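Only one structure is covered here, and it is reproduced in the block below.
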Amino acid sequence: MKNALLILHSGIAFCLAFSAFFLASSFTSRAQFPQSSSISLPTELRVRGTGWWPTKGQPGRSEYTGPDACIECHELKSETAQATAMLHAAVRASDSKSLLDHANLPFQAGPYNYRLLTTSEKSTLTVSKGTTVFALELIWALGSGHMGQTFLYKMNDDFYESHVSFYNATQSLDITPGQSRTVPGTLAGAMGRAIPPNEARLCFGCHTTASTTKNQFDPNSAFLGVTCEACHGPGAQHVAAARAKTEKRGSGLIFNPAQLARIDYLDFCGACHRTWQDVVSGQMVGAGVFNVRFAPYRLENSRCWAEGDARITCVACHDPHKPLSHDAGSYDANCLACHASNTAEKKSANHPGSACPVATKNCVTCHMPKVEPPNLHSTFTDHWIRIAHPNSAYPE
């Protein structure tokens, strides 16, 4: 029955998407409000709609100012954002702390010997088989390093993803997530895989800001990491008006995601963290435990979500301007904002959720369990809110 509902949800989404949302429009300098939807939509359609959306590549480079300009008026948010993983989602390989802290990283896969050597000037990935050696300089390191980093290099102007990545938990190299763990058939294959141009654009779209402008992909001109304008849209006009003291509230010169309805909000964050529709209509169907990484998709499968409470969005628990909290107890107040704090408290419009009969502390440890997908050397919080019994099967 559940699979049938997923298929129905998917089919309805596509019908409505193509009939009501597929109309592309030119981006103007004003941060138009995006078209709202009553169901999750694929990110590919969202970025074609009106208004700002993360990873949208239509605005010109001159429409962006960079994060330094935001500090003038938003000093506190800018300061706390410096410690977020998003702001450090991409760095030049030569600046990667993970690599600088490990000048010589070895790895072996079948007959292939890997060596990732880092100096103050560059990082070089070397793969050898017998007397044959293949070496290339790494250009980009994607990921903040909290869980790990994956590296990119170029050959013939094409981007390649290294076959090995650095994992923080083990402080060592292992096969890159998503790549096959079978022994490569060639030395070039052992080095890494070619990234299709559209995929490269999407990777940089979520790890940097303004890597695509006027629909032209140019990561060398991007702002490193997910900066203010990645979510709020190009801010040149907003900054100019603020400096001139001519901007009026609601002028539309900058986009505020807080105005989004809850489904739109999840899709907004899902532009990089995967929407419900991105998962069920894409290549992640049947991915099993690996889809735990896609928080918006998981959250939308929750019973809490189905109840329709407008407060249940990503920002109900996570402030994107602050580092992610890893203290389970820090989320109790968020849970109790909707759930009764004890069994004697009656349900109300403000507290429609029942009280937990077991505890009122560390709620997420039972209802949003940690999951460790095979070979990723990291645990992820499962955002499918539920009663997760010990040793119960992972719900897809």
**Request:** Only one of these is in a loop (DSSP other than H, G, I, E, B), under 25 Å from Asn168 (Cα atoms), open to solvent by less than 50 Å² (accessible area, probe 1.4 Å) and not aliphatic (A, V, I, L, M): Pro373, Pro296. Name it.
**Result:** Pro373
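Condition check ((1) within 19 Å of Arg115 (Cβ to Cβ); (2) open to solvent by 10 Å² or more (accessible area, probe 1.4 Å)) across all residues:
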residue: Ser180; (1), (2): no, yes
residue: Pro184; (1), (2): yes, yes
residue: Leu187; (1), (2): yes, yes
residue: Cys203; (1), (2): no, yes
residue: Ser211; (1), (2): no, no
residue: Gln216; (1), (2): no, yes
**Request:** Consider Asp382 carefully, then state whether it is of a type in the set (Asp, Glu) and open to solvent by 50 Å² or more (accessible area, probe 1.4 Å).
**Result:** no
**Fill in**
Within the range 311-337, the residues that are among the aliphatic types (A, V, I, L, M) and either open to solvent by 60 Å² or more (accessible area, probe 1.4 Å) or part of a helix (DSSP H, G or I) (or both) are Val315, Ala316, Leu324, Ala328, Ala333, Leu336
**Any hit, the range 229-239, residues being without any contact (Cβ under 8 Å) to a residue 60 or more places away in the chain and buried (at least 17 other Cβ atoms within 10 Å of the Cβ)** = no
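Considering the range 241-255 alone, what residues qualify as being of a type outside the set (Asp, Glu), assigned to a loop (DSSP other than H, G, I, E, B) and open to solvent by less than 70 Å² (accessible area, probe 1.4 Å)? If you could, list the steps in order and put the result at the bottom.
Here is the first cut: in the range 241-255, the ones of a type outside the set (Asp, Glu) are 241-246, 248-255.
After this cut, where a residue has to be assigned to a loop (DSSP other than H, G, I, E, B) as well, the list is 245-246, 248-255.
If the condition is that a residue be of a type outside the set (Asp, Glu), assigned to a loop (DSSP other than H, G, I, E, B) and open to solvent by less than 70 Å² (accessible area, probe 1.4 Å), then Ser251, Gly252, Leu253, Ile254, Phe255 are the ones that fit.
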**Prompt:** Could you give every pair whose Cβ atoms fall below 8 Å, whose first residue belongs to the range 335-359 and is of a type in the set (D, E, K, R), and whose second residue is crowded, with 16+ Cβ neighbours inside 10 Å, counting only separations of at least 6 or pairs across chains?
**Reply:** Glu345/His351; Glu345/Ala355; Lys346/Ala340; Lys347/Ala340; Lys347/Gly353
**Item:** Hits in the range 162-199 - residues which are among the charged types (D, E, K, R) and closer than 17 Å to Phe290 by Cβ
**Value:** Asp174, Arg181
**Asked** Looking only at the range 162-175, which residues are buried (at least 22 other Cβ atoms within 10 Å of the Cβ) and not aromatic (Phe, Trp, Tyr)?
**Response** Ser162, His163, Val164, Ser165, Leu173
**Fill in**
Matching residues in the range 40-65 (in a loop (DSSP other than H, G, I, E, B) and among the aliphatic types (A, V, I, L, M)) number 2
**Message:** So the check is Cβ under 6 Å with 6+ separation or different chains; which pairs have a first residue in the range 151-179 that's under 19 Å from Ala89 (Cα atoms) and a second one that's open to solvent by 60 Å² or more (accessible area, probe 1.4 Å) and part of a strand (DSSP E or B)?
**Reply:** Glu161/Arg193
**Request:** Report yes if Gly308 is free of Cβ contacts under 8 Å to residues at least 24 places away in the same chain, surrounded by fewer than 21 Cβ atoms within 10 Å (Cβ to Cβ) and on the phi > 0 side of the Ramachandran plot, otherwise no.
**Result:** yes
**Item:** Unmet requirement for Arg48, which otherwise passes all of (1) at pLDDT 95 or above; (2) more than 29 Å from Arg243 (Cβ to Cβ); (3) among the charged types (D, E, K, R)
**Value:** (1)
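The values are calculated or read from the model by the stated rules, or taken from the named source; none is laboratory data. Because the structure is predicted, anything quoted here is derived from the model rather than measured. Virtual Cβ from ideal backbone geometry, glycine too; neighbours counted across all protein chains shown. Quick note on the areas: whole protein, heavy atoms, side chains included, nothing else; ligands and nucleic acids left out. Shrake-Rupley method; radii C 1.70, N 1.55, O 1.52, S 1.80 Å.
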